[in-house]
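Asker: Okay, handing you the structure first.
The values are calculated or read from the model by the stated rules, or taken from the named source; none is laboratory data. Computed from a prediction, not measured in an experiment: that's the story for all the values here. Backbone-built Cβ (ideal geometry, glycine too); neighbour counts: all protein chains shown.
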Amino acid sequence: MKKYINTIVFSILSLCLFSQSGHLILGGGTIMVASGAPKIVIENTRLQYDIDFFSIGQSEVIFKGDAGFDDITIDGTGFINFYNLTIDKSNHGIKLKKTIYVENDLKFVDGLIDLNGNNINLTSNGKLIDESEDSRIIETDGGLIIKTVNLNAPNKENVGNLGAVITSSENLGSTTISRGHQPQTNGGNEGIKRFFDIHPTINTNLNATLEFHYFEAELNGISENDLTIFRHTGSGWENMGFDKHTPNDNCIGKDNIDHFSKWTVGSIQNPLPVEWLSFNAKVNARETVDLNWQTVLEIDNASFSIEKSRNGHQFFEIGKLNSKGNSSDIQNYYFEDKTPFSGINFYRIKQIDNSALFSYSEIRTVNFIHNDFESVIFPNPSEDYFHINFQLEQSSQIKICITDLLGRHLKTLQPSTLLPAGYYSEYFNLMYFPKGTYLIDFQIDRINKKEKIILN
């Protein structure tokens, strides 16, 4: 049964009860005003907000009943904002079909909230209350719980009661913490069903402590005795170890943290297969691109595929290197791209393990400029002066010097100058140089070209 309500006004009511199984739709044009602090109980009923205006005051919306996840949902096209939201669902729960906002308390009495790919934003004084093993937030298809606060020298600050407890003597500024429940993976290995993504405005030299709280239902088959903390480096996962672990409290902690990023907990017995230390791409003097990367840990890793793209989306393989085998030491790898595109080149490394599972490095970019520099020197040989004609296909930084055959600098003929594209003719008098053979050294942007001249 569907109930259509066009205008609802609650004026300091203590209770409004929708107790029949059905579908409560607040449609377009509805004005819903809750003044005072009423309690709105929704029992075994879906809630759909398609409303234009919803003033919640300090109301509490309570979901009750024993209907399952697929029967009790929060949905709609409107902006869904609660002051207090309570879940009391008798071992069942509710499923989100869109993002919601909670200003004050999100309270758990019984039952679960399935994010279902949506977010819960804790605004103002928003926080989780009484979350437990039996009544908590889960996700079947992604989604986050998000809270932003200012952290100035936090002391055991459990932001929004999300379970990431932070201590630092530094001012972190505005800090956003997101909690998710998808196991973080790299290759075939998975962590527990919880991670924290922590982003302070000031994120260097923090000397911070993180206490990472979890529920046993989130362990994802990992023994608590095998847990360790992992931090994402931007290109892979780094095993940070831990400084405290109290399984009875479902808490593992790490001290002396210099900066925050994404954090999760996994098994020390089954670590993520590759930890990246660095990956760099650079144009060299040969007009090719050097790709260098380092790993600090490799377990069951088979090979690396080097991939390139013109647009950063569609990549193709340009080479492959075998792994150096299981290692906990720094390993160095090198590949040369001998045919870079003119313009922006996108590079990434695909790590492939022995089970054919794979993961990717971060993407690196190189702006490659093909500089087809042409020059003519005449007369050559000469007794005293030379003309140098050259053409630039595009605006370039150019410097011209004369060196001996060993490359030792003798004289700057043209100081480093940014010249527009065009045709140029220069005149140089070398009548005071001893007779012999010399080199004219052209430095054009990143390109180096040498031409031989003879004074006789």
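Asker: Under the condition of being hydrophobic (A, V, I, L, M, F, W, C) and surrounded by 13 or more Cβ atoms within 10 Å (Cβ to Cβ), which residue from region 310-340 is farthest from TRP293 (Cα to Cα)?
Answerer: PHE315
Asker: Let me ask something else. I'm checking my understanding of the structure. Among residues of region 330-343 that are over 13 Å from LYS308 (Cβ atoms) and not in a loop (DSSP other than H, G, I, E, B), which one is modelled with the lowest pLDDT?
Answerer: GLN331
Asker: Could you tell me which residue of region 137-195 is nearest to LYS98 (Cα to Cα), considering only residues that are of a type in the set (S, T, N, Q) and part of a loop (DSSP other than H, G, I, E, B)?
Answerer: Filtering region 137-195 for residues that are of a type in the set (S, T, N, Q) and part of a loop (DSSP other than H, G, I, E, B), the one nearest to LYS98 (Cα to Cα) comes out as THR140.
Asker: Any residue that is at pLDDT below 85 and more than 30 Å from LEU277 (Cβ to Cβ) - is there at least one of those in region 357-369?
Answerer: For region 357-369, residues at pLDDT below 85 and more than 30 Å from LEU277 (Cβ to Cβ): absent.
Asker: Follow-up. Which pairs do you get when a residue that is assigned to a strand (DSSP E or B), found in region 344-366, comes within reach of a residue that is of a type in the set (Asp, Glu) and at pLDDT 85 or above, reach meaning Cβ atoms under 6 angstrom, with the pair 6+ apart or on two chains?
Answerer: Between residues of region 344-366 that are assigned to a strand (DSSP E or B) and residues that are of a type in the set (Asp, Glu) and at pLDDT 85 or above, the close pairs are ARG348/GLU307; LYS350/GLU307.
Asker: Do you know which residues across region 379-398 are surrounded by 15 or more Cβ atoms within 10 Å (Cβ to Cβ) and within 50 Å of the chain's Cα centre (by Cα)?
Answerer: Matches in region 379-398: PHE390, LEU392, SER396, ILE398.
Asker: Provide a single number: the residues in region 113-134 that are surrounded by 15 or more Cβ atoms within 10 Å (Cβ to Cβ) and touching a helix residue (DSSP H, G or I) at 6+ places or on another chain (Cβ under 8 Å).
Answerer: Selection size over region 113-134: 6.
Asker: Could you tell me whether GLU307 is at pLDDT below 85 and farther than 30 Å from LEU219 by Cβ?
Answerer: no
Asker: Could I ask something else about it? Could you give me the residue pairs with C-beta distances under 6 Å whose first residue belongs to region 396-417 and is over 13 Å from PHE442 (Cβ atoms) and in the same structural domain as TYR432 (by TED's automatic domain parsing), whose second residue is of a type in the set (Val, Ile, Thr) and surrounded by 12 or more Cβ atoms within 10 Å (Cβ to Cβ) wherever it lies, and which are 6+ apart or on separate chains?
Answerer: Every condition considered, the pairs that remain are HIS409/THR403; LEU410/ILE402; LEU410/THR403; LYS411/ILE402.
Asker: Another question, then. Could you tell me which residue of region 79-98 is farthest from the chain's Cα centre (by Cα), considering only residues that are among the basic types (Lys, Arg) and either part of a strand (DSSP E or B) or outside the structural domain of ASP130 (by TED's automatic domain parsing) (or both)?
Answerer: Here is the first cut: in region 79-98, the ones among the basic types (Lys, Arg) are 89, 95, 97-98.
Right, trim to either part of a strand (DSSP E or B) or outside the structural domain of ASP130 (by TED's automatic domain parsing) (or both) and you get 89, 95.
Numbers: LYS89: 36, LYS95: 27 Å.
Residue satisfying both the conditions and the ranking: LYS89.
Asker: Name the one entry in THR204, THR228, THR209 that is of a type in the set (Val, Ile, Thr), assigned to a loop (DSSP other than H, G, I, E, B), over 30 Å from ILE62 (Cα atoms) and without any contact (Cβ under 8 Å) to a residue 60 or more places away in the chain.
Answerer: Exactly one of THR204, THR228, THR209 is of a type in the set (Val, Ile, Thr), assigned to a loop (DSSP other than H, G, I, E, B), over 30 Å from ILE62 (Cα atoms) and without any contact (Cβ under 8 Å) to a residue 60 or more places away in the chain, namely THR204.
Asker: Right, here's the next one. Restricting to region 236-293, and then to whatever is of a type in the set (Ser, Thr, Tyr) and outside any loop (DSSP other than H, G, I, E, B), can you tell me which residue is surrounded by the most Cβ atoms within 10 Å (Cβ to Cβ)? So that I can check it myself, show each step before the final result.
Answerer: The first filter runs over region 236-293 and keeps only residues of a type in the set (Ser, Thr, Tyr), leaving 246, 261, 264, 267, 278, 288.
From the residues that got through so far, the ones that are outside any loop (DSSP other than H, G, I, E, B) too are 246, 264, 267, 278.
Details: THR246: 11, THR264: 25, SER267: 21, SER278: 15.
Top of the filtered list is THR264.
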